[in-house]
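The values are calculated or read from the model by the stated rules, or taken from the named source; none is laboratory data. Model, not experiment: these values are computed from the prediction. Note: ideal-geometry Cβ built from the backbone for every residue, glycine included; neighbour counts use all protein chains shown.
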Amino acid sequence: MKITKLNILILITVLSINVFSQVQPRPSRPTATPSKWDKMFPNIKYGDKVYKTGSNWFLFGIGRGYSTNLRMQQTNMSLAYYHRYRTVYFNLGYHYSGKEFFLKRPMEWYNDIHPGAGLRFENRWLNFGFFIGPSWAFGSIFDYRNEYGAEFYRYFHTIGAHTEIQLSFKYFYDLGIGTSIYGSFNKQYQVVGIQLHFYFSSAYVDTY
């Protein structure tokens, strides 16, 4: 192949561009500065796993209770989600109580949906929380008995309040089991009780 001045010029240009691109510093993406909230809830390491402190969590509970106005034992069930925003914890939960929850649908039964806010303290082994807030309650309650002895029940819905105290033992940092004490109060149906609950947290970050 015949080497010309044009070919030499093209070769020199290509080599110059290649060398220049390798020696020039490449811009790097700056690491995001942690917010003050992230600094308050840092990652921690246990064993070979990394966890995030102050993480959100779920609770599923089941237990026994007592209706103070109906004066009867209750079986209860609940499911709730707990979310941290900055340093404040919020929750949204569902609660059910009834006389014969596992056997059949009772004539008198109670549900509530309750948002709230509260406090939370945790360490490696324990998670403690206290929450309180309003509730929207609905269900069925005894109304009257006619002259033939037939009983009639009425549906209700009302506004009330729900509060709970929970203590969880964390066998793993993000999984555990514990006890909740709760009370749900309104003008139609009041119930208090205790539950065995299961704790599921989103604390896991990575394996170290």
Checklist outcome for this item: Leu175 passes all but one of the listed conditions (1) exposed (fewer than 15 other Cβ atoms within 10 Å of the Cβ); (2) modelled with pLDDT of 95 or more; the exception is number (1)
Checklist outcome for this item: The condition of being out of contact with any Asp or Glu (no Cβ under 9 Å at 6 or more places or on another chain) and either free of Cβ contacts under 8 Å to residues at least 24 places away in the same chain or on the phi < 0 side of the Ramachandran plot (or both) holds, among Tyr51, Tyr94, Tyr144, Tyr66, only for Tyr66
Checklist entry - Going through the range 146-161 one residue at a time, which ones are among the hydroxyl-bearing types (Ser, Thr, Tyr) and either outside any strand (DSSP E or B) or modelled with pLDDT under 95 (or both)? => result Tyr148, Tyr153, Tyr155
Checklist entry - Taking the range 105-131, which residues are touching an Asp or Glu at 6+ places or on another chain (Cβ under 7 Å) and either in a loop (DSSP other than H, G, I, E, B) or β-branched (Val, Ile, Thr) (or both)? => result Pro106
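So, in the range 47-91, of the ones that are out of contact with any strand residue (DSSP E or B) (no Cβ under 7 Å at 6 or more places or on another chain) and over 15 Å from Ser201 (Cα atoms), which residue ends up surrounded by the fewest Cβ atoms within 10 Å (Cβ to Cβ)?
Step one: of the range 47-91, the residues out of contact with any strand residue (DSSP E or B) (no Cβ under 7 Å at 6 or more places or on another chain) are 47, 69-72, 84-87.
Keeping just the survivors that are over 15 Å from Ser201 (Cα atoms) gives 47, 69-72, 85-87.
Working: Gly47: 9, Asn69: 13, Leu70: 17, Arg71: 7, Met72: 14, Tyr85: 10, Arg86: 11, Thr87: 11.
Residue satisfying both the conditions and the ranking: Arg71.
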Next on the checklist: Tell me whether the range 73-85 contains one or more residues that are outside any strand (DSSP E or B) and either in contact with a His (Cβ under 6 Å, 6 or more places away or on another chain) or modelled with pLDDT under 95 (or both).
Outcome noted: no
